[in-house]
Structures are given as structure tokens and as C-alpha cells.
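The values are calculated or read from the model by the stated rules, or taken from the named source; none is laboratory data. Remember, it's a predicted structure, so these values are computed and weren't measured experimentally. In this analysis, Cβ positions are derived from the backbone assuming ideal geometry, glycine residues included, and neighbour counts consider all displayed protein chains. Please note that ligands, DNA and RNA were not included when accessible areas were found on the heavy atoms of the full protein model with its side chains. Shrake-Rupley method; radii C 1.70, N 1.55, O 1.52, S 1.80 Å.
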Amino acid sequence: DLEAYAAEHRVPIADREVAMFIEITARATGARKALEIGMAIGYSVVHLARGMGQDGLVVTIDPSDEMIRLASGYLERAGLLDRVRIERGKALDVMPNLNETFDLLFIDALKEEYSQYLDLGLPRLRTGGVVIVDNLLWGGRVASDDDETSTVALREFNPYFFNHPQLKAVVLSVGDGLGYAVKID
């Protein structure tokens, strides 16, 4: 239902293989607390919550009352609403007020703010925690002359992510290019 709604209403959601990858990663790493930047209708948060099991918690951030309403409905239908805490607001405003430590950080929101999300998220991620960032290949446009704002932002973010001194990072050809990193200090 989530995929059908997203297609019909043109709501951007993670590719199915990306959603499965984050669910598998949450399971494999034993993540118990995840932070998601960019909830939309809740597609990836459903996968994160499933991957973390009964005692897991996903903290997700979205500024839209409509998206929160839709996501809450889908999470309730999936029996996962009790494993998710939705923070309403812009991520750059909400993140500084989070005083928790997370095992996993998933970034999939405004491309122009990716570096700031990473900078605010890393102090809240435990050493050995995983960072997953969606859309790093951006349909191949990051390697083109495309000067669209999101493309330029991703082109600038990629070396920042891969060369970050606190991360060991790679890009995977999953979905639209998935950044995958482990916090090393």
C-alpha cells in the first residue's frame, strides 16, 4: 500500500532494495535505536522498525503534518507505531535537541542539507554505528554537467562523506546509490 500510494501521489520514497537493505542492516548490526532524517509517508521507517525488533526505537523527523498523519496511519496498520517516535519539525532544528545515542543513522531528505545532517548526526551516533545515506549517485547526474541545486549539493557531499575523518565509507550500487559508513571514532 505504501508503494502504491507513493507512486500514485508522487511522494518520493526509498527504492524497495534500499528499504530492504536498511532493514537487513538494522538486523545484522543489532541496532536498537535509529535516527531517520526524512520520513515522508513512513516507508523506510517501517523497514527500520521491523529490522530492529520489539525493543527497537526509530526516531524520525518530518516537518509536514500531512506526512506525519499518513505515516502514523501506515505505522499503526503495520503494528509498529509503538516502536517509532515522530519528531515534527525541520531536521536542522530538531536534531540539536536530541540527547540520545543512536546505533544507526539514515539520511534521505533535502539533498542540500546532507552535510549538515551528517554533522549533527555523528555526535549522536555511537562508535561502530552505521550511517546510510540515500541517493548519492542521483541517477548518474552527480557525474554529469547537471547544475541543478540538488545535484550540485550531492556532488559536493560525496567527497565530504567519503573522506570524513570519523567514518569508513563506501558507495554501493543499491537503488540510486547508497552511501554506507561505520563511525570509527
Which one of these does Val174 not meet: (1) among the β-branched types (Val, Ile, Thr); (2) under 23 Å from Arg16 (Cα atoms); (3) in a strand (DSSP E or B)? (3)
Go through the range 118-153 and give me each residue that's in contact (Cβ under 8 Å) with a residue 60 or more places away in the chain, open to solvent by less than 10 Å² (accessible area, probe 1.4 Å) and in a helix (DSSP H, G or I). Gly121, Leu122
Does at least one position in the range 109-117 carry a residue that is outside any helix (DSSP H, G or I) and either of a type in the set (S, T, N, Q) or surrounded by fewer than 16 Cβ atoms within 10 Å (Cβ to Cβ) (or both)? no
Which members of the range 154-185 meet the condition of being in contact (Cβ under 8 Å) with a residue 24 or more places away in the chain, open to solvent by 60 Å² or more (accessible area, probe 1.4 Å) and under 16 Å from Gly128 (Cα atoms)? Ile184, Asp185
Taking the condition of being assigned to a strand (DSSP E or B) and either in contact with a Pro (Cβ under 9 Å, 6 or more places away or on another chain) or open to solvent by less than 30 Å² (accessible area, probe 1.4 Å) (or both), how many residues in the range 72-102 meet it? 3
